[in-house]
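Asks: The structure follows.
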Amino acid sequence: QVQLVESGGGLAPVGGSLRLSCAASGNIRRMFDMRWDRQIPGKQRELVASVTSGGSTTYADFVKGRFTISRDNAKNTINLLMNSLELEDTAVYYCNADFLTTGSQFQTSWGQGTQVTVSS
């Protein structure tokens, strides 16, 4: 099994920054698309950003120009740099990714989430 663990969440002021990191471990042969989602209490989980194995990125409209997604295949990590944080960014952030395992199985894994709280 492939496991994902998020870190870097916490409390930040409006206009501040946080860097989230997601570390993958397990029987990984290759990583494909990787994503960051978030869930605000009472709302459906939504896509924040994604990056393909080729490096193409996609951002939700509400984070364009503020957040940057990146990946490090050598370290099996995905990062999300969050700048110009707004109150509405308060949510639990989850990473998820698609993998080819060493057993030649395709697997999608999700992390447990990390809380981001933005306050004035």
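Asks: Within the range 1-27, name every residue whose backbone N is under 20 Å away from a label modeled 7 Å from Cα of ASN73 along the Cβ vector.
Replies: From the range 1-27, the list is 2-4, 22-27.
Asks: What Kirkwood radius, in Å to one decimal, follows from the Cα pairs of the range 1-69?
Replies: For the range 1-69, the Kirkwood estimate is 13.9 Å.
Asks: Could you state the number of Å between the C-alpha centres of the range 1-63 and the range 74-120?
Replies: Centre-to-centre (Cα) distance: 2 Å.
Asks: For the range 51-110, evaluate the Debye formula with one uniform point scatterer on each Cα (no solvent term) and list log10 I(q)/I(0) at q = 0.25 Å⁻¹, rounded to two decimals.
Replies: Here the Debye-derived log intensity ratios amount to -1.22.
Asks: Oh, and also: Kindly work out what percent of the DSSP beta bridges joining two residues of the chain are antiparallel, to the nearest 5.
Replies: 90 percent
Asks: If I stretch the segment between SER17 and SER120 completely, what's the gain in nm (0.36 nm per residue apart, minus their alpha carbon distance), one decimal? Mind dumping the intermediate values first?
Replies: Working: separation 103, 0.36 × 103 = 37.08 nm, distance 1.33 nm.
Here the answer is 35.7 nm.
Asks: Let me ask something else. Take the Cα coordinates of the chain, assign each an equal point scatterer, and use the Debye formula without solvent to give log10 I(q)/I(0) at q = 0.19, 0.20, 0.21 Å⁻¹.
Replies: So the normalised log intensities are -0.95, -1.04, -1.13.
Asks: Moving to a separate point now. Sum up the charges of everything whose Cβ sits under 14 Å from the Cβ of ILE69, counting Lys and Arg as +1 and Asp and Glu as -1, but leave ILE69 out.
Replies: +2
No lab work stands behind these numbers, since they all come straight from the coordinates. Because the structure is predicted, anything quoted here is derived from the model rather than measured. Note that we place each Cβ from the backbone using ideal geometry, even for glycine, and neighbour counts take in every protein chain shown.
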